[in-house]
Amino acid sequence: MTTPRTIGVALLGLGNVGGGVVKLLADNAAAIEARLGARLEVRAIGVRDRDKKQRVVEVDHDLLVTDLDAAIKRDDIEIVCELIGGVTEARHAVMTAIAAGKQVVTANKALLAIHGTEIFAAAEAAGVDVYYEAAVCGGVPIIRVLREGLASDRVEAFWGIVNGTSNYILSTMTETRRPFADILADAQALGYAEADPALDIGGGDAAHKLCVLVRLCFGTALDVTEIPTDGIDRIEPIDLDYAAKFGFVVKPLVIARAHPDGQIEARVHPALVPANWLLADVAGAKNAVYVQSYALGPSLYYGAGAGMLPTAMSVVSDCIDIGRNIFARAAGAKRPAGPVLEPRPMLPLAEVRSKYYLRFGVVDAPGVLGRLMTILGAHSVSIAQVVQDAEAKPVSVVVVTHEAREGDVRAALTEIDALPVVREPARVIRIVG
Ligand SMILES: NC(=O)c1ccc[n+]([C@@H]2O[C@H](COP(=O)([O-])OP(=O)(O)OC[C@H]3O[C@@H](n4cnc5c(N)ncnc54)[C@H](OP(=O)(O)O)[C@@H]3O)[C@@H](O)[C@H]2O)c1
């Protein structure tokens, strides 16, 4: 019997994802070894505190290290998995690994959105791989689909539900009509939402993932700070009621489209989507990406966007791919050149065209509805449906528009919000799908 080949792995981080990787490597050891033709062996685990009492999984205490640089540079480490999160220390770890000629796996979307260009350029120059399946949609293999499955196709647009916490909160609000803050508190108690949920509910996490997907789909690096990003925190149960009356549900979306003139449209916001649209059924903490591509047409990718084992599965599958690359290169295969990125302008938000849901809180007086409609019409915003709810306090006027230019809608709303008969700023939710 021959001794199986082994590939040395350093895990940086032993939290939910790192712990999941240790568990999956143990639980699926035989299948992984059979598929790779080698054993993935964890030889060092970087943590902040070696003596932390409660760990997600039990590991040999001797594997735990706090000097990440030393672990990364060890001769018996070939793959470094960055699973510590954050940006500054994660960037240092990944750049150190690349400089040391190690292959890299990361689950860190914030890192890739902010420093992706630097990291991929360094990896290209060093001739190493950086894999990142877990960084978007956790266990859903959307990166592999875009990089390999659709390699001969051309993505035209995609719509995604990529933040499980936001989707959980909106889905629960839809089911129960309880207020946002109550559901967020429950989600935190249940461990679905971070103690500081700002990145999740504010849309920042989704914007990071959108950047990663846009780079793959459209070959350009967006500045994440320039992506129009709205969180879900301004959605109220009453909006879900009106949405349902019009045949919609509210979903937290990322949207990107390559326009024929080269501009990239990219945005993050909750949207009304038709109740019979595919993404309308993506509920709870689940994730999905709906891709429109030239040759395949529409296709949908759905599953667990977070969680210990789903995310670890993506990390370990990346390690298997990288292991295969290591063997192929040892046998003389050349590393394929990475994609060349091109700068592409972003479509200004004012030029985005969409249908809109608008809710106005106004005084109960004759002529108010007509005033609102006149101002919208004067700004080329034409109305598809109107509902007036005189029981609401203040009186609600809810409008669904035909497709309009965002800049025109905003100009109309500025004028309307300044009217003395208006009691609260207009609520605006784009309609998609
Ligand atoms: N959780 C998910 O479902 C999920 C899904 C997709 C992607 N991700 C991404 O995966 C990454 C890890 O997430 P996670 O949920 O596993 O995080 P986590 O549970 O907070 O674990 C982080 C781990 O990293 C260690 N660590 C953090 N900073 C460190 C430093 N400077 N030096 C050494 N060790 C350090 C911590 O050490 P101690 O244990 O000693 O504190 C801990 O073991 C993040 O980028 C996250 O965005 C997570």
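In the set Thr225, Thr220, which member is closer than 30 Å to Glu424 by Cβ and not hydrophobic (A, V, I, L, M, F, W, C)? Just a single option satisfies the conditions, and that option is Thr225. The residue pairs whose first member lies in the stretch 6-29 and is free of Cβ contacts under 8 Å to residues at least 40 places away in the same chain, whose second member is away from the ligand (no atom under 12 Å from the Cβ), and whose beta carbons are closer than 6 Å, counting only pairs six or more residues apart or on different chains, are Thr6/Arg39; Thr6/Glu41. Name the residues in the stretch 325-364 that are among the charged types (D, E, K, R) and either surrounded by 15 or more Cβ atoms within 10 Å (Cβ to Cβ) or part of a loop (DSSP other than H, G, I, E, B) (or both), would you? If the condition is that a residue be among the charged types (D, E, K, R) and either surrounded by 15 or more Cβ atoms within 10 Å (Cβ to Cβ) or part of a loop (DSSP other than H, G, I, E, B) (or both), then Lys334, Arg335, Glu342, Arg344, Lys355, Arg359, Asp364 are the ones that fit. Determine whether the stretch 46-59 contains at least one residue that is part of a strand (DSSP E or B) and surrounded by 14 or more Cβ atoms within 10 Å (Cβ to Cβ). Yes; the residues of the stretch 46-59 include at least one that is part of a strand (DSSP E or B) and surrounded by 14 or more Cβ atoms within 10 Å (Cβ to Cβ).
Within the stretch 390-407, the set of residues being open to solvent by 40 Å² or more (accessible area, probe 1.4 Å) and not in a loop (DSSP other than H, G, I, E, B) comprises Arg405 only. In the set (1) touching a residue at least 60 places away in the same chain (Cβ under 8 Å); (2) farther than 30 Å from Asp261 by Cβ; (3) not in a helix (DSSP H, G or I), Thr311 fails one condition alone, (3).
Filtering the stretch 1-54 to residues that are closer than 28 Å to Thr66 by Cα, at pLDDT below 95 and more than 16 Å from the ligand (Cβ to nearest atom) leaves only Arg5. Can you say whether Pro345 is under 22 Å from the mean Cα position of the chain (by Cα) and free of Cβ contacts under 8 Å to residues at least 24 places away in the same chain, as far as the supplied structure shows? No; evaluated as a whole, the condition is false for this residue. Among residues of the stretch 294-305 that are at negative phi and open to solvent by 20 Å² or more (accessible area, probe 1.4 Å), those with a Cβ under 8 angstrom from a residue that is β-branched (Val, Ile, Thr) and not in a strand (DSSP E or B), sequence gap 6+ or separate chain, pair up as Tyr301/Val140; Tyr301/Ile142; Tyr301/Val145; Tyr302/Val140; Tyr302/Val282; Ala304/Val140. Residues of the stretch 143-170 that are among the polar types (S, T, N, Q), assigned to a helix (DSSP H, G or I) and open to solvent by 10 Å² or more (accessible area, probe 1.4 Å): Thr165 alone.
Ala135 meets each of the listed conditions (1) surrounded by fewer than 23 Cβ atoms within 10 Å (Cβ to Cβ); (2) under 30 Å from Val432 (Cβ atoms); (3) of a type outside the set (D, E, K, R); (4) touching a residue at least 24 places away in the same chain (Cβ under 8 Å) apart from (1). Screening the candidates Ala266, Ala275, Ala258 for the property of being within 11 Å of Trp159 (Cα to Cα) and in the same structural domain as Ser171 (by TED's automatic domain parsing) yields one hit, Ala266. Per the conditions (1) within 30 Å of Gly191 (Cβ to Cβ); (2) modelled with pLDDT under 95; (3) not polar (S, T, N, Q), the sole criterion not satisfied by Asp364 is (1).
The values are calculated or read from the model by the stated rules, or taken from the named source; none is laboratory data. Keep in mind that this is a model prediction, so the values were computed, not measured. In this analysis, Cβ positions are derived from the backbone assuming ideal geometry, glycine residues included, and neighbour counts consider all displayed protein chains. Just so you know, the surface numbers come from the protein's heavy atoms only, side chains and all, with ligands and any DNA or RNA stripped out. Shrake-Rupley method; radii C 1.70, N 1.55, O 1.52, S 1.80 Å.
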